[in-house]
Amino acid sequence: MSSRMLRPGRVFRADSAASADRPTTSPRSAAPLGRRLPLVAAAVVAAGLTAACGPSSGSGGSAAAAAATTGQSSPAFPSESAPASAEASPTASASPSASASASASSSPTPPRAPSGSTSSGGGSAKPARTSAAPAPAPAKVPGPGYDSSADAQKMIDAALRSAKADGRMVLLDFGANWCGNCKAADKVFAQPQTAGILGASYHLVKVDIGGNSSANSALLRKYSPSGGTYKMPVLVVVSPSGTVRTDTHVTGNPSLTAEGINAFLRKWAS
């Protein structure tokens, strides 16, 4: 009975011998290749991400952990992120020029200086345009009627001097205080529109020929030499040089209305 029982030490030795006969392999080398390939690929991807995005504590740690886990260095495969970074670099390098062109296009264009103004660098300023000379004051228009005591020759000489100075014409009005047509003409001369034409374009001289003044009658014959019977009023327009331009004793009087006399005055004003 004792001979059939197994000795514990023998069983222990048998197990030890069996274990001694087995080849000793490390757990890492015994791992199948299919399990190591995903770890290698993970290390490659982590290395590519690190190259493209810069060092990262997380990615670097994961890559180091993966390398430590596999026990092998990752193979030198070209990362796919390198071309992407190379393609992105022209855009990054072109961005300064694009921003410069954008800033140049957005910068305001300096306004042009007016053609008449001078630059700050120098140049003489154009002289200011002088204003036109003011028009001469209107000539004085005599009131109605004829002054028989006035010196007609002296008044005509004064009117001709003024005409030479301002270029106006001289209008000689020969008439009489008892003449109805002369009174009608005086009323028109007193109207604002006609008085304005007279003051702007004429020096009016009224000469009485209804009395017994031989001097005034001689003046009439001087400026209206055709003679004969005169129909008053006789209107004679004389230039500043003393030349007779028109004589109503020859041409006939205009209509003694505002329209007729104003048209006559405008016609001979220049």
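The values are calculated or read from the model by the stated rules, or taken from the named source; none is laboratory data. Just so you know, these numbers come straight off a predicted model, no measurement behind them. So basically every Cβ, Gly included, is an ideal-geometry build from the backbone, and we count neighbours across all protein chains shown. The area values use the complete protein model at the heavy-atom level, side chains included, leaving out ligands, DNA and RNA. Shrake-Rupley method; radii C 1.70, N 1.55, O 1.52, S 1.80 Å.
Listing for the model above:
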{"read-out": "Region 211-225 residues that are over 15 Å from Gly175 (Cβ atoms), paired with ones that are modelled with pLDDT under 95 and of a type outside the set (Val, Ile, Thr) (beta carbon under 8 Å, 6 or more apart)", "value": "Arg221/Gly227"}
{"read-out": "Filter result (without any contact (Cβ under 8 Å) to a residue 24 or more places away in the chain and assigned to a helix (DSSP H, G or I)) within region 242-254", "value": "Thr248, Thr251"}
{"read-out": "Residue check for Ile209: at pLDDT 95 or above and within 17 Å of Lys140 (Cβ to Cβ)", "value": "no"}
{"read-out": "Yes/no for Asp166 being open to solvent by 30 Å² or more (accessible area, probe 1.4 Å) and either more than 58 Å from the chain's Cα centre (by Cα) or at positive phi (or both)", "value": "no"}
{"read-out": "Filtered residues of region 152-189 (kept if in a loop (DSSP other than H, G, I, E, B), within 23 Å of Asn212 (Cβ to Cβ) and either free of Cβ contacts under 8 Å to residues at least 24 places away in the same chain or among the small types (Gly, Ala, Ser) (or both))", "value": "Ala176"}
{"read-out": "Only one of Thr243, Thr229, Thr248 that is closer than 26 Å to Asp166 by Cα and open to solvent by 20 Å² or more (accessible area, probe 1.4 Å)", "value": "Thr243"}
{"read-out": "Any hit, region 251-259, residues being in contact with a His (Cβ under 6 Å, 6 or more places away or on another chain), hydroxyl-bearing (Ser, Thr, Tyr) and open to solvent by 30 Å² or more (accessible area, probe 1.4 Å)", "value": "no"}
{"read-out": "Region 211-226, subset assigned to a loop (DSSP other than H, G, I, E, B) and open to solvent by 30 Å² or more (accessible area, probe 1.4 Å), residue nearest to Gly167 (Cα to Cα)", "value": "Pro225"}
{"read-out": "Close pairs (7 angstrom Cβ cut-off, 6 or more residues apart or separate chains): of a type in the set (Val, Ile, Thr) in region 255-270, not in a loop (DSSP other than H, G, I, E, B) anywhere", "value": "Thr257/Val188; Ile261/Ala185; Ile261/Val188; Ile261/Thr194"}
